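J.: Dumping the structure here so I can ask a few things about it.
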Amino acid sequence: MLGHDEVFAKNVIPENSQYVIQNIGIMGFMYFLFVTGVKMDLGVIAKAGKKHWVIAIAGVVIPHIIVWLVAFCIREFMDPELKKFSSIGGVISAVVITTFPVIYSVLRDMQLLSSEIGRVALTTVIISDFLGITVIITFEAIKQGESKMINALYYVVSVLFVSGLVIGGIPQVMQWINRHTPEGKPVEQKYITATLLGVYLIAFATDFIGAAIGNGPLWLGLAVPDGPPIGATLVHKSEVIMNDILMPFSYALVGLRTDLFAMSTCWSCLSPLFALAIMGFVVKLVTIVMAARAAPVFIDHTKQFEDYWDTNDEAVHNAIKLYEEVRTDCITMNYYTSVTPQRTMYQDICEIALLNKVGFIILPFHKKCIEDGNDFATALLRPGVQSANTNTLSHAPCSVGILACKDASTWGTLPTRVSHRMHRQFAMLFLGGPDAREALTLADRMVGHPDVSLIVVRFLASEYKGDNEGERKLDDGVVTWFWVKNERNDKVVYKEVVVSSGFETISAIQSLNESVPIDLWIVGRKNGINPTLLEGLSEWSDNPELGLVGDFLVSNDFDTSGSVLVVQQQVLRDQRASPWACY
């Protein structure tokens, strides 16, 4: 930049040396774009997910539209040369389109290339670059056609011919070189030299047709397969010379073409240009932030050992770790951390459940009681948890339970010795149907613990009026199996209650609650096989994911400090294993 000062230029950069600096600088840019193209993998475009496409398209299209609108509003204040549509398009594209070479260099310097956010950024910018090149070629065609429209047609045909020749023919040559290079051996020097000289030829060809001298080397780089042997060798052979010798001249070339001293004489004609540039940067940033992200992160702590613990969850992880240490003979814990928007959290839960053939998922209720309280009416609401629970119930590949803890303090601290075990009283409310059968099977497993007692109450309509006959037969089979298995078990009590309305059902539950303190209530989510059992209760429901009975159990109308587990059955085809999962 100082080269525009006459005294400095005369003593340091005389006119005859500027020609040399400019040509070497152009060579540096050519090889920089070529090497960047070699490092790019266009295959990621085919593998890119919806999120990458949304970010890339939004980051190119929306800023273009908004900045173009701004340009039309201030066009009358522009310099005559800048007023041209091709000039405005060129400025906007230069500001809005973030190229792969820029992002790759930044991520490399910040050591983020192999990180999750680095991979998302690189995939997105490759798509953005692909779209950006299309936009730039379009505006260049418009510029070529300003004098004669036929020139635009010649330009487009020439660009398609050269790019097609390079991207369609060069890969075949490179694959031939790879096949004729013995495994573990370097590529012959003649092939490397020919490829590096080819950079000049393709640069001349694209410059000749008006497609800009940098496009050719970039296309040639894209045509070279990344990785060994040819791609890695080309990068290794050229990077040092390019970065340490040629690129300094390239930066000098930028400086020589930037006349800061001339700006002071024409601020009025530059202000529209600055307005477009600033608006482009701001709109690009806001658009990308709104489209992204945050990028979801899923960590399996059995494979990844980085400390990615939220301080709010530290107590939970410590409790799980202690629970595992106390029960190493029967429990194995796997730790996962999912950092993702709540609306898509269920996808991680369902995927892990499917991959591990999980038999049961336990989710936390979205209302969390405040400390020293068991009132869900004043509980802390977590809408994101409710959304995740609802979606998991709809998409889970296995059975799901929602656990509502009205007073977690009643469960005490985790025991560290067998002598400190605490006896627990569980109650299972059986109204029939697949969810109730699943809940009974679960309760049967729980009562196998030496410190758990179980009361099972089956609600029946008088003379079975209104029952779904098919479902009742299935219920009879499961209940009979359960009772035959546990009739000699002193810790299990089974009783049947005949009711004729929802009021009588609630009265029976209230009576059970008053007769013995219950630590855990277990109930199916769906409302049984007979509407008579819950008649008149539908208007009470505030939490549909818990079902009518589950919603009553967590309400203020039911005075209990016991927790509530609401179970929904979901059958996974060809399921063999039945581990439990708790999220």
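J.: When you check residue 107 against the structure, is it under 30 Å from residue 275 (Cα atoms) and either more than 22 Å from the chain's Cα centre (by Cα) or not in a helix (DSSP H, G or I) (or both), yes or no? Talk me through it step by step, then tell me what you get.
T.: Values: under 30 Å from residue 275 (Cα atoms): yes; either more than 22 Å from the chain's Cα centre (by Cα) or not in a helix (DSSP H, G or I) (or both): no.
Criteria not met by residue 107.
J.: Further, regarding this structure: Among the residues of region 497-536, what is the count of those that are over 44 Å from the mean Cα position of the chain (by Cα) and assigned to a strand (DSSP E or B)?
T.: Residues in region 497-536 being over 44 Å from the mean Cα position of the chain (by Cα) and assigned to a strand (DSSP E or B): 3 in total.
J.: Tally up the residues in region 188-221 that are modelled with pLDDT under 80 and either assigned to a helix (DSSP H, G or I) or open to solvent by less than 40 Å² (accessible area, probe 1.4 Å) (or both), please.
T.: The qualifying residues number 5.
Per-residue answers, yes or no, for (1) at pLDDT below 95; (2) more than 19 Å from residue 495 (Cα to Cα); (3) open to solvent by 20 Å² or more (accessible area, probe 1.4 Å); (4) assigned to a loop (DSSP other than H, G, I, E, B):
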residue	(1), (2), (3), (4)
416	yes, yes, yes, yes
422	yes, yes, yes, yes
425	yes, no, yes, no
438	yes, no, yes, no
441	yes, no, yes, no
444	yes, no, no, no
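J.: Which of the residues belonging to region 77-101 are among the hydroxyl-bearing types (Ser, Thr, Tyr) and either open to solvent by 20 Å² or more (accessible area, probe 1.4 Å) or out of contact with any His (no Cβ under 9 Å at 6 or more places or on another chain) (or both)?
T.: Residues of region 77-101 that are among the hydroxyl-bearing types (Ser, Thr, Tyr), as a first pass: 86-87, 93, 98-99.
Selection gives 86, 87, 98, 99.
J.: Would you confirm, using the coordinates I've provided, whether residue 140 is acidic (Asp, Glu) and open to solvent by 80 Å² or more (accessible area, probe 1.4 Å)? If you could, list the steps in order and put the result at the bottom.
T.: Numbers: acidic (Asp, Glu): yes; open to solvent by 80 Å² or more (accessible area, probe 1.4 Å): no.
So residue 140 does not fit the description; no.
J.: Looking at 275, 212, 252, 262, which is the one that is on the phi > 0 side of the Ramachandran plot and of a type in the set (A, V, I, L, M)? Walk me through how you get there before you give the answer.
T.: Details: 275 fails: on the phi > 0 side of the Ramachandran plot; 252 fails: on the phi > 0 side of the Ramachandran plot; 262 fails: on the phi > 0 side of the Ramachandran plot.
Only one candidate passes the filter, namely 212.
J.: Quick one: would you say residue 321 is of a type in the set (D, E, K, R), more than 30 Å from residue 350 (Cα to Cα) and either at pLDDT 70 or above or not in a loop (DSSP other than H, G, I, E, B) (or both)?
T.: The answer is no for residue 321.
J.: Looking only at region 112-126, which residues are part of a helix (DSSP H, G or I) and surrounded by fewer than 20 Cβ atoms within 10 Å (Cβ to Cβ)?
T.: Step one: filter region 112-126 for residues part of a helix (DSSP H, G or I), giving 116-126.
Listed by number, the residues that qualify are 116, 117, 118, 119.
J.: Is there any pair with a first residue in region 435-453 that is farther than 17 Å from residue 327 by Cα and a second that is basic (Lys, Arg) and part of a helix (DSSP H, G or I) whose Cβ atoms are under 9 Å apart and which are 6 or more apart or on different chains, and what are they?
T.: Every condition considered, the pairs that remain are 444/485.
J.: So, residue 394, is that one modelled with pLDDT of 85 or more and either closer than 22 Å to residue 519 by Cβ or open to solvent by 30 Å² or more (accessible area, probe 1.4 Å) (or both) or not? Please lay out each step first, then the result.
T.: Values: modelled with pLDDT of 85 or more: yes; either closer than 22 Å to residue 519 by Cβ or open to solvent by 30 Å² or more (accessible area, probe 1.4 Å) (or both): yes.
Answer is yes for this residue.
J.: Here's another thing I want to ask about it. Looking at 99, 36, 123, which is the one that is of a type in the set (Ser, Thr, Tyr) and within 22 Å of the chain's Cα centre (by Cα)? Give the steps one after another, and end with the answer.
T.: Numbers: 99 fails: within 22 Å of the chain's Cα centre (by Cα); 36 fails: within 22 Å of the chain's Cα centre (by Cα).
Exactly one residue qualifies, and that residue is 123.
J.: Still on this structure, please answer the following. Which pairs turn up if I take residues in region 354-376 that are farther than 14 Å from residue 556 by Cβ and surrounded by 21 or more Cβ atoms within 10 Å (Cβ to Cβ) and look for partners that are of a type in the set (Gly, Ala, Ser) and modelled with pLDDT under 75 with beta carbon separation below 6 Å, at least 6 apart in sequence or on another chain?
T.: 358/581; 361/581
J.: Just wondering, is there one or more residues in region 41-49 that are closer than 26 Å to residue 206 by Cα, modelled with pLDDT of 80 or more and out of contact with any Leu (no Cβ under 6 Å at 6 or more places or on another chain)?
T.: no
J.: Anything in region 474-496 that is part of a strand (DSSP E or B) and open to solvent by 40 Å² or more (accessible area, probe 1.4 Å)? List them, or say none.
T.: Going through region 474-496, the residues part of a strand (DSSP E or B) turn out to be 492-496.
Matches in region 474-496: 493, 494, 495, 496.
J.: Hey, another quick one. For region 157-184, name all the residues that are within 17 Å of residue 213 (Cα to Cα) and buried (at least 18 other Cβ atoms within 10 Å of the Cβ).
T.: Once the filter is applied, which keeps residues that are within 17 Å of residue 213 (Cα to Cα) and buried (at least 18 other Cβ atoms within 10 Å of the Cβ), region 157-184 yields 159, 162, 163, 166.
J.: Moving on. Residue 243 versus (1) closer than 20 Å to residue 100 by Cα; (2) of a type outside the set (Phe, Trp, Tyr); (3) over 36 Å from the mean Cα position of the chain (by Cα): which is the lone unmet condition?
T.: Residue 243 satisfies every listed condition except (3).
J.: With respect to residue 528, determine if the residue is in contact with a Leu (Cβ under 7 Å, 6 or more places away or on another chain), open to solvent by less than 90 Å² (accessible area, probe 1.4 Å), at positive phi and small (Gly, Ala, Ser). Steps first, please.
T.: Working: in contact with a Leu (Cβ under 7 Å, 6 or more places away or on another chain): yes; open to solvent by less than 90 Å² (accessible area, probe 1.4 Å): yes; at positive phi: yes; small (Gly, Ala, Ser): yes.
Yes; evaluated as a whole, the condition is true for this residue.
J.: Looking at (1) crowded, with 17+ Cβ neighbours inside 10 Å; (2) more than 21 Å from residue 424 (Cα to Cα), find the lone condition where residue 519 falls short.
T.: (2)
Residue-by-condition table, conditions (1) among the basic types (Lys, Arg); (2) surrounded by 12 or more Cβ atoms within 10 Å (Cβ to Cβ); (3) modelled with pLDDT of 85 or more:
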site	(1), (2), (3)
225	no, yes, no
245	no, yes, yes
249	no, yes, yes
262	no, no, no
265	no, no, no
281	no, yes, yes
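J.: Taking region 460-473 as the search range and keeping residues that are outside any helix (DSSP H, G or I) and open to solvent by less than 50 Å² (accessible area, probe 1.4 Å), which one is nearest to residue 434 (Cα to Cα)?
T.: Initial filter on region 460-473 (outside any helix (DSSP H, G or I)): 460-461, 465-468.
Adding the requirement that they be open to solvent by less than 50 Å² (accessible area, probe 1.4 Å) leaves 460-461, 467.
On the way: 460: 16, 461: 18, 467: 14 Å.
This residue is 467.
The values are calculated or read from the model by the stated rules, or taken from the named source; none is laboratory data. Just so you know, these numbers come straight off a predicted model, no measurement behind them. Here the Cβ is made from the backbone with ideal geometry for all residues, glycine too, and neighbour counts use every protein chain on show. To get the accessible areas, we keep the full protein, side chains included, count just its heavy atoms, and leave off ligands, DNA and RNA. Shrake-Rupley method; radii C 1.70, N 1.55, O 1.52, S 1.80 Å.
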